[in-house]
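Below: the structure, in structure tokens.
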Amino acid sequence: MASGTSVLKSVTGRKRKSVPRPGHIFDPVARALEVIGDRWTLVLVRQLLGGNKGFQELRMRTGIAPRVLSSRLQKLATEGFIYKDGDDARSLYALTDRGRSLEPIIASIALWWTRQPMEQHAIEPDRFTETSPISILESLPFLLRDEVATDDDVTFEIRLTGEGGGVWAVEIKDGHCTVTLGFAEGADVRYTADARLWCGVALGLVDAREAVRRGEMVKEGGPQAMNHYFHQVYRPEDNPSG
């Protein structure tokens, strides 16, 4: 009596193909993720795109546990994405050219996330309570809407009071956005508000027009508005399906 394998061969006329190993398949996405697919790689590169930072500052900005952060930074350095600028305890981490080459990928991920219907925001209304203004402000260059900002030249000054407050200049020119700490000389528009309230406005949890009407936020200058250039995160009332 013929074995099952012999019967299978006689019916199909050929051997069943073996499944290839993932690493042997030419798939640019899969191969790229082997290099940058670690949970914290793009998060850390994104932070360093805004400037060189030390170990503790990276901890505060990401919330990564010390041991994990140390190992990820070492891995990024070994793979040529970052280098340590200095040899003492106060040295900073900086990006190499290879690290900076990831900026378009990071920007695309940020835009994708903010433009999705984020139902979980409605389920977890307190998820971003520890967000600081600087976290939002430094994210703005990744959220620029090219279709409305390509030919614009406008400078915003953001004045925030209270915990996490300060003054920032946000410049949009020729489809690019830069955020710097400090006053904006000759700003076209100025916003003044409590830091916590402004975070709510920026995250779409507080209506900007209502905040201005109630006197909680002051807007001075031209007709330009931040939400004309940046896509706010999902708000529950924006979901047409309810």
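Structural remarks
- Amide H contacts of ILE82: ALA77, THR96, each under 5 Å away and 5 or more positions distant or on a separate chain (H built 1.01 Å from N in the peptide plane; Pro and chain starts excluded).
- Stretch in the chain that is longest and holds no GluC sites (Glu not before Pro) that DSSP places in a loop and that have at most 14 other beta carbons within 10 Å: 1-129
- Positive-pole candidate from ILE158, ALA32, VAL43, dipole of the chain, charges at beta carbon: ALA32
- Global form of the range 131-234, assessed from the alpha-carbon gyration tensor, a/c cut-off 1.5: rounded
- Base-10 log of normalised Debye intensity for the chain (one unit scatterer per alpha-carbon) at q = 0.17 Å⁻¹: -1.40
- Result for the chain in a Gaussian network model with C-alpha springs under 10 Å: among ASP85, ASP27, ASP151, the largest mean-square fluctuation is at ASP27.
- GNM flexibility winner over the chain from GLY54, GLY86, GLY204 (Cα, springs under 10 Å): GLY86
- Helical runs (DSSP H, four residues minimum) scored at -39500 (n - 2.57) apiece and divided by the length of the chain put the mean residue ellipticity at 222 nm at -10000 deg cm²/dmol.
- Between GLY186, ILE134, SER91, the Cα set farthest toward the positive side of the dipole of the chain (charges on each charged residue's Cβ, about the Cα centre) is that of SER91.
- Most mobile listed residue (SER18, SER108, SER132) in the chain, GNM with C-alpha springs under 10 Å: SER18
- Qualifying trypsin sites (Lys or Arg not before Pro) in the range 29-124, where qualification requires a DSSP coil assignment and no more than 10 other C-beta atoms within 10 Å, comprise ARG39, ARG90.
The numbers here are math on the coordinates, done by the rules we state, and not lab data. Everything numeric in this text was worked out from a predicted model, so none of it was measured. Cβ: placed from backbone, ideal geometry, glycine included. Neighbour counts: every protein chain shown.
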